[in-house]
There are 2 protein chains.
Amino acid sequence: MKVLVIGANGQIGKKIVGLLRASNQHQARAMVRTKEQVELFRHLGVETVYANLEGTVNEIAEAANGCDALVFTAGSGGKTGADKTLLVDLDGAVKAIEAAEKVGIQRFILVSALQAHHRENWNEAIKPYYVAKHYADRILEASALNYTIIRPGGLTNEQGTGRVSAAENLKRGTIPREDVAEVIIASLTEEKTYKRAFDIISGDTPIKEALSLL
Amino acid sequence: MKVLVIGANGQIGKKIVGLLRASNQHQARAMVRTKEQVELFRHLGVETVYANLEGTVNEIAEAANGCDALVFTAGSGGKTGADKTLLVDLDGAVKAIEAAEKVGIQRFILVSALQAHHRENWNEAIKPYYVAKHYADRILEASALNYTIIRPGGLTNEQGTGRVSAAENLKRGTIPREDVAEVIIASLTEEKTYKRAFDIISGDTPIKEALSLL
């Protein structure tokens, strides 16, 4: 599969691109939003496209054209305000969904947040972020795409363990970004993740096995 | 019809409550979010309930129970940040939709914003507000409720003229809040507005006639 990684310059995005390049099965196309990032990725030999999530659906559709799957792992980040949360994490995600529909890419993986589907479990400190995630998830679920919504717990920079817990509902926990990236790659072709949404935190089960048991 | 007015203490909300009280056809129930507002409305002889859009769906459902229609005209206002826009204008509106579904209220009128359905026409200065409106509208349209989405142009405090332009797509314009309130009341029972969304600005056609021509 050729996979468009939206948010390729992000912390999880970089790991996904690395894993795709190391894989025999897949190829990466990185989507980034500054000319400097384009240069950087191209220097590393990665197929790279320039498009901004605050731009038009057409711009994203053009960047996605010819790919077989789309991974959305962009986020406005904790340093920006809730205005960017609305524009990137919500509207940007939905534009990517519409772009996928437009160019006929069926497979769509969205990185969300633990328990984004249950308001009562939203982390008070980042509630606006949860609202954005919740509605992006709902729009994707209502689409005709073959989606997977991955809802990780608190993200850490620890080394991945390759072992997770995955289920529709999990209690709070953390997970290394490395493991989230592995879960995304493994989900691409794991049919048990098709048209599904699930929480994921560090656990005892090897990633592939955990996904096959969903 | 008994109509729950969510955002009754807002500038349009107060006018709607006034019109409902003056009508022979309808009754008002005001929903407000502070105890002081409850006192104020009750002093004026208005049936009033206390509920917060940042609370639970159940809390709103309880406030709505027994009504025949729901008008959502709450807004976080220009003075608060985009975090409140997400929590009130988007998530609050959708909680109200879910509350209506929960207690079996079919008729739902949502006040949106001119051209909220077309990203390319969003007012740059208040783009996060448009994102919130856009997604609340989409969730309502995807529901099974008998909705009307009213998208007014720039709101003014001028006296109403009773005359408007109403259509699926209008160019930018303004409209007095008084006229928006009249449009909402007239829409309650105008079948041409059922399951419809339309722009509205000041114009030449009497309100009832404009709605009957939709």
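The values are calculated or read from the model by the stated rules, or taken from the named source; none is laboratory data. Bear in mind that the values here come from a model prediction, so they are computed numbers and not experimental data. Counting neighbours? That spans all protein chains shown, and the Cβs are built from the backbone with ideal geometry, glycine included. These area figures cover heavy atoms from the full protein model, side chains too; ligands, DNA and RNA do not enter into them. Shrake-Rupley method; radii C 1.70, N 1.55, O 1.52, S 1.80 Å.
Under 14 Å from a point placed 7 Å out from the Cα of B:Gln106 along the Cα-to-Cβ direction: which residues of segment B:56-98 have their backbone N that close?
Under cut-off, by backbone N: B:68-70.
Could you state how much accessible area A:Cys67 has, in square angstrom rounded to the nearest 10, with a 1.4 Å probe and all protein chains kept in place?
10 Å²
Let me check against my output: what whole-number percent is the relative contact order of chain A, with C-alpha pairs under 8 Å and at least 6 apart?
Averaging sequence separation for qualifying contacts and normalising by length gives 18 percent for chain A.
Residue-wise, which Karplus ³J(HN,Hα) couplings in Hz belong to segment B:52-69, taking 6.51 cos²θ - 1.76 cosθ + 1.60, θ = phi - 60°, and x for glycine or proline?
Whole-Hz 3J(HN,Hα) from phi for segment B:52-69: 10, 5, 8, x, 8, 4, 4, 4, 6, 4, 5, 5, 8, 3, x, 7, 9, 8.
Using only Cα atoms, locate the centre of segment B:172-214 and the centre of segment A:150-214, then give the distance between them in Å, rounded to an integer.
50 Å
At R0 = 25 Å, how high is the FRET efficiency between B:Asn24 and B:Glu158 if r is their beta carbon distance? Nearest 0.05 is fine. The partial results should precede the final answer.
Numbers: r = 27 Å, r/R0 = 1.10.
Calculated transfer efficiency: 0.35.
Could you pull the Rg and Dmax for segment A:95-214, using just the Cα atoms, both in Å?
Reported Rg and Dmax, both Å: 13.8, 40.
5 Å is the cut-off here: which amide hydrogens, built 1.01 Å from N in the peptide plane, fall below it relative to A:Ala8, excluding neighbours closer than 5 in sequence?
A:Met31
Calculated from DSSP H runs of 4 or more alone, at -39500 (n - 2.57) each and per residue, what is the 222 nm mean residue ellipticity of chain A, nearest 500?
Computed ellipticity for chain A at 222 nm equals -10000 deg cm²/dmol.
Which of rounded, prolate, oblate describes segment A:159-200, given a ≥ b ≥ c as roots of the alpha-carbon gyration tensor eigenvalues and a/c under 1.5 marking rounded, otherwise prolate only if a/b is larger than b/c? The partial results should precede the final answer.
Values: a/c = 2.61, a/b = 1.18, b/c = 2.21.
Note, shape of segment A:159-200 comes out oblate.
Residue-wise, which Karplus ³J(HN,Hα) couplings in Hz belong to segment B:125-134, taking 6.51 cos²θ - 1.76 cosθ + 1.60, θ = phi - 60°, and x for glycine or proline?
5, 10, 4, x, 4, 5, 4, 4, 4, 3
Taking the Cα centre as origin and putting +1 on Lys and Arg beta-carbons and -1 on Asp and Glu beta-carbons, what dipole magnitude results for segment B:1-160, to the nearest 20 debye?
That gives segment B:1-160 a dipole magnitude of about 300 debye.
Under a Cβ-Cβ cut-off of 10 Å, what is the net charge of the residues other than A:Ser212 that fall near it, where Lys and Arg count +1 and Asp and Glu count -1?
Values: positive: A:Lys192, A:Lys208; negative: A:Glu190, A:Glu191, A:Glu209.
Its environment carries a net charge of -1.
Please report, in whole Å, how far the alpha carbons of the protein assembly as shown spread along each principal axis, starting with the longest.
Answer, in whole Å and largest first: 73, 41, 34 Å.
I need the phi-derived Karplus couplings for segment A:152-167: 6.51 cos²θ - 1.76 cosθ + 1.60, θ = phi - 60°, integer Hz, Gly and Pro marked x.
x, x, x, 7, 10, 9, 5, 5, x, 9, x, 10, 9, 10, 9, 6
How do A:Thr34, A:Thr174, B:Thr148 rank by accessible surface area computed with a 1.4 Å probe, from largest to smallest?
Descending order: A:Thr174, A:Thr34, B:Thr148.
Give, rounded to the nearest 20 debye, the magnitude of the charge dipole that segment A:126-214 has about its Cα centre when Lys and Arg contribute +1 at Cβ and Asp and Glu contribute -1 at Cβ.
So the dipole magnitude of segment A:126-214 works out to roughly 340 debye.
Evaluate segment B:52-113: find the radius of gyration of its Cα atoms, find its Kirkwood radius, and give the ratio Rg to Rh.
On the way: Rg = 11.5 Å, Rh = 11.8 Å.
Using Cα coordinates only, the ratio equals 0.98.
Compute the label-point distances linking B:Lys79 to its equivalents in the other copies; points lie 7 Å from Cα along Cα→Cβ; give nm, one decimal, shortest first.
From this label point to the equivalent ones elsewhere in the assembly: 3.2 nm.
Calculate the length of the line joining the C-alpha centroid of segment A:36-70 to that of segment A:75-111, in whole Å.
Value for the Cα centre distance between the two parts: 14 Å.
Could you pull the Cα extents of chain B along its three principal axes, largest to smallest, in whole Å?
Here the spans come out as 40, 39, 33 Å, largest first.
Per residue, how much accessible surface does segment A:2-212 expose to a 1.4 Å probe? Answer in Å², no decimals.
Accessible area per residue: 43 Å².
What residues qualify as long-range amide H neighbours of B:Ile109, i.e. H under 5 Å apart, gap of 5 or more or another chain, H built at 1.01 Å from N?
Under 5 Å from the amide H of B:Ile109 lie the amide H atoms of B:Leu70, B:Val71, B:Phe72, B:Thr148, each far enough along the sequence or on another chain.
For the rotation that superimposes chain B on chain A, which residue of B has the C-beta lying nearest to the axis, and at what distance in Å?
B:Ala82, 2
Let me know the volume per residue of the alpha-carbon convex hull for segment B:1-82, in Å³.
Taking only Cα atoms, segment B:1-82 has a hull volume of 91 Å³ per residue.
What total accessible surface area, summed over both chains, is buried at the interface between chains B and A, computed with a 1.4 Å probe and given in Å² to the nearest 100?
For chain B against chain A, roughly 1800 Å² becomes buried.
Amide H of B:Gln27 versus every other amide H placed in the peptide plane: which residues, excluding those fewer than 5 positions away on the same chain, fall under 5 Å?
The answer is B:Lys2, B:Val3.
In nm, give the distance between the simple-model label positions of B:Lys35 and A:Lys35, each being 7 Å from the Cα along the Cα-to-Cβ direction.
It works out to 6.1 nm between the two label points.
I need the inter-copy label distances for A:Glu47: point set 7 Å along Cα to C-beta, values in nm with one decimal, smallest first.
For A:Glu47, the inter-copy label distances come out at 6.3 nm.
With the label 7 angstrom out along Cα to Cβ, how close does B:Gln25 come to the same site in each of the other copies, in nm, nearest first?
6.2
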